[in-house]
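Visitor: Attaching a single structure in structure tokens format; questions to follow.
Every number in this text was worked out from the coordinates using simple rules, so none of it is lab data. Bear in mind the structure is a predicted one, so any value in this text is a computation, not a measurement. Note that we place each Cβ from the backbone using ideal geometry, even for glycine, and neighbour counts take in every protein chain shown.
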């Protein structure tokens, strides 16, 4: 079973499907594969450092401030959740050339910053009715995979850990992205 990771604003005493919970999907519309009129999507990464990079990569320096939770969730902290996805769950792998050919996509279409285009191919993949989600290579490091999952009932939560600047995955993510950690 693949293990997936997600960084989220976390409240330890709320139900998992409520705001601050590890299976909660916030209102959407700004992400790469978002199509909120058709499905909700949970974004995750194949490795902890990759999920952390995706969450914090836009910041040139990493400090305690980025680990604070969401202002919309007073008392929350940034955490990394670990999930299991059964191997039998069909994920459309956009790192597979045959998938790209079958979908009429180029690698540049997958990582494009033109989210109208990426949302279009995501909608087409969802409408095939075969896939539980899609994966592609991370913007920050192609060794990492990013996932967009819309069949959330197939995802099993295993653990949630509050992040700190001393966390090994935070350190690895910062080192890979050449980000300075300010303590």
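Visitor: Across segment 118-133, what is the number of residues that are part of a helix (DSSP H, G or I) and touching a strand residue (DSSP E or B) at 6+ places or on another chain (Cβ under 8 Å)?
Guide: 5
Visitor: Might you check whether a residue that is free of Cβ contacts under 8 Å to residues at least 24 places away in the same chain, more than 23 Å from residue 47 (Cα to Cα), out of contact with any helix residue (DSSP H, G or I) (no Cβ under 7 Å at 6 or more places or on another chain) and loosely packed, with under 15 Cβ neighbours inside 10 Å occurs anywhere in segment 158-170?
Guide: no
Visitor: Does at least one position in segment 62-69 carry a residue that is part of a loop (DSSP other than H, G, I, E, B), over 19 Å from the mean Cα position of the chain (by Cα) and surrounded by fewer than 16 Cβ atoms within 10 Å (Cβ to Cβ)?
Guide: Within segment 62-69, one or more residues are part of a loop (DSSP other than H, G, I, E, B), over 19 Å from the mean Cα position of the chain (by Cα) and surrounded by fewer than 16 Cβ atoms within 10 Å (Cβ to Cβ).
Visitor: If I ask for residues that are closer than 10 Å to residue 32 by Cβ and in contact with a strand residue (DSSP E or B) (Cβ under 9 Å, 6 or more places away or on another chain), which ones from segment 98-117 would you list?
Guide: Correct list: 110, 111.
Visitor: Name the one entry in 150, 121 that is over 16 Å from the mean Cα position of the chain (by Cα), farther than 30 Å from residue 180 by Cα and crowded, with 20+ Cβ neighbours inside 10 Å.
Guide: One residue alone meets the criteria, 121.
Visitor: Checking residue 100 against (1) in a helix (DSSP H, G or I); (2) exposed (fewer than 15 other Cβ atoms within 10 Å of the Cβ), which single condition isn't satisfied?
Guide: Looking at each condition in turn, residue 100 falls short on (2).
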